[in-house]
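> Next up is a structure, given as structure tokens.
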């Protein structure tokens, strides 16, 4: 499993990218402010506001896209970078954490389908893009701490 993981130094890059993604997302979604310098023309494979458009240049506010891309990249780097001292126990912990994170995410999706309606469901789908990474990172960190604590005793 270790040969598929990224260099452990990339975890720091992921943590650094996490900061601007949270700031941009906070300004855009929590405060509700659309900063003007994010208004620009972009190439779109597919756009659907009032009409469907394919392979066109459109005027768009890109703060949502920048926050999402930064957040996705940062979570990926944090989740799949090696630990400084990666060993067999860490690999087993990774595998168990990945399986558990799928279970948690599956339950999250089931509850989303069962109890979320209207446009709020779209928010749940948006959250689900990131929730798999978040569940994995949290479960892996908790399991890593617990395994080190148990091995010390």
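The values are calculated or read from the model by the stated rules, or taken from the named source; none is laboratory data. Remember, it's a predicted structure, so these values are computed and weren't measured experimentally. Glycine also receives a Cβ, built like all others from the backbone with ideal geometry; neighbour counts cover every protein chain displayed.
> Quick one: count up the residues across region 116-153 that are farther than 27 Å from residue 67 by Cα and either surrounded by fewer than 16 Cβ atoms within 10 Å (Cβ to Cβ) or within 17 Å of the chain's Cα centre (by Cα) (or both).
9
> Have a look at 70, 111, 102, 76 and point out the one that is without any contact (Cβ under 8 Å) to a residue 12 or more places away in the chain and either in a helix (DSSP H, G or I) or in contact with a strand residue (DSSP E or B) (Cβ under 9 Å, 6 or more places away or on another chain) (or both).
Just one listed residue meets the conditions, 111.
> Taking residue 15 as the residue in question, decide whether it is loosely packed, with under 15 Cβ neighbours inside 10 Å, closer than 20 Å to residue 138 by Cβ and either without any contact (Cβ under 8 Å) to a residue 24 or more places away in the chain or touching a helix residue (DSSP H, G or I) at 6+ places or on another chain (Cβ under 8 Å) (or both).
Working: loosely packed, with under 15 Cβ neighbours inside 10 Å: yes; closer than 20 Å to residue 138 by Cβ: yes; either without any contact (Cβ under 8 Å) to a residue 24 or more places away in the chain or touching a helix residue (DSSP H, G or I) at 6+ places or on another chain (Cβ under 8 Å) (or both): yes.
Yes; evaluated as a whole, the condition is true for this residue.
> If you scan region 1-36, which residues turn out to be touching a strand residue (DSSP E or B) at 6+ places or on another chain (Cβ under 7 Å) and not in a helix (DSSP H, G or I)?
Scanning region 1-36 gives 5, 6, 7, 8, 34.
> Quick one: residue 25 ticks every box in (1) modelled with pLDDT of 90 or more; (2) under 19 Å from residue 138 (Cβ atoms) except a single one, so which number is it?
So residue 25 meets the others, but not (1).
> If you don't mind, another one. Which residue is nearest to residue 74 (Cα to Cα), if the candidates are limited to region 18-34 and must be surrounded by 12 or more Cβ atoms within 10 Å (Cβ to Cβ) and touching a helix residue (DSSP H, G or I) at 6+ places or on another chain (Cβ under 7 Å)?
My answer is 18.
> Return yes when residue 64 is assigned to a loop (DSSP other than H, G, I, E, B), surrounded by 15 or more Cβ atoms within 10 Å (Cβ to Cβ) and in contact with a helix residue (DSSP H, G or I) (Cβ under 7 Å, 6 or more places away or on another chain) and no when it is not. Explain how you work it out, then say what you get.
Working: assigned to a loop (DSSP other than H, G, I, E, B): no; surrounded by 15 or more Cβ atoms within 10 Å (Cβ to Cβ): yes; in contact with a helix residue (DSSP H, G or I) (Cβ under 7 Å, 6 or more places away or on another chain): yes.
When the stated conditions are applied, residue 64 does not pass them.
> Looking at this structure, is residue 55 on the phi > 0 side of the Ramachandran plot and free of Cβ contacts under 8 Å to residues at least 60 places away in the same chain? It would help to see each step written out before you state the result.
Details: on the phi > 0 side of the Ramachandran plot: yes; free of Cβ contacts under 8 Å to residues at least 60 places away in the same chain: yes.
Here the answer is yes, as residue 55 does meet what is asked.
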